[in-house]
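None of the figures in this text is laboratory data; all of them are computed from the coordinates on show. Since this is a predicted model, take the numbers as computed values, not measurements. Every residue, glycine as well, gets a Cβ built from its backbone with ideal geometry; the counts of neighbours run over all protein chains shown.
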Amino acid sequence: MNREHTSGQWFFAGRIEGDEYVFDTFESGHLVKVLRKREGDPIVLTDGKGRVYEAVITAAHPRKTVVRITGKRLLPPPERRLHVFMAPTKNMDRFEWFLEKATELGVWKITPLITRNTGRKKLNYDRLEKIIVSAVKQSKRAYKPVLHPAITWKNIPWESHRFFAALCEADRYRNKDYAQARRAAVIVGPEGGFAPDEREELQQRNIPAIRLSAYRLRAETAGITAVCRFYCNDS
């Protein structure tokens, strides 16, 4: 089995035990009604934790499709890992777009960040997880990004990550350090920007700044640009 470019459309599976897996009603309906899959058709599954399975459909039913596992491979986790702490946008479509594209690009973890100017503080995590899973399947990634519960500014785990901050104005930028880091976390502010006390704390903690553009970006564009800057040299 090749790496993450195994041919054919990918599907997401929960926990796989033994040599058989049963899809839930939603995925079964998609397989049978939309994709017109039938008994004997080969498919590829991932559990989002590095395991990729080759399988063959043994029972194609819109409510309960069953597959037989014919091959398995555990892919190594990526060497470079980015954790994005990002303030959700007021318009959830934009934040969902960010989640989808960041997943396709290979982001490792995402934590919604509630800052003073964050436009939205309540999130539908079930819907957000579905968006991430869909992007995992589309991009054929063996590792699903972890979506953490939202945290407030005062609960940022400063000591557990090598942090960078996406800022429009700063005297010095550390883009090269950011792009070459093996493990990093980046803070992307809200649509209204960081509050003065938040900017002051970033400065007091000596959090390096990165510059994403010479222009003012929307929050979701800034988030995607930060992900691209980190992974731009990866194959």
Fill in: Residue list for segment 141-161, restricted to those being within 12 Å of Phe12 (Cβ to Cβ) and either surrounded by fewer than 19 Cβ atoms within 10 Å (Cβ to Cβ) or aliphatic (A, V, I, L, M) (or both)
Ala142
Worksheet item: If you go through segment 89-138 one residue at a time, how many are touching a residue at least 40 places away in the same chain (Cβ under 8 Å), assigned to a helix (DSSP H, G or I) and closer than 22 Å to Ala185 by Cβ?
Response: 10
Response to the item:
Residue count, segment 197-220, condition in contact with a Lys or Arg (Cβ under 9 Å, 6 or more places away or on another chain) and assigned to a helix (DSSP H, G or I), comes to 4
Discussion item. Condition first: in a strand (DSSP E or B), of a type in the set (Lys, Arg) and surrounded by fewer than 16 Cβ atoms within 10 Å (Cβ to Cβ). Now tell me which residues in segment 58-87 satisfy that.
Written reply: Arg68, Lys72, Arg73
Response to the item:
Of the residues in segment 15-50, those that are free of Cβ contacts under 8 Å to residues at least 24 places away in the same chain and either among the acidic types (Asp, Glu) or within 22 Å of Leu74 (Cβ to Cβ) (or both) come to Glu17, Asp24, Glu39, Asp41
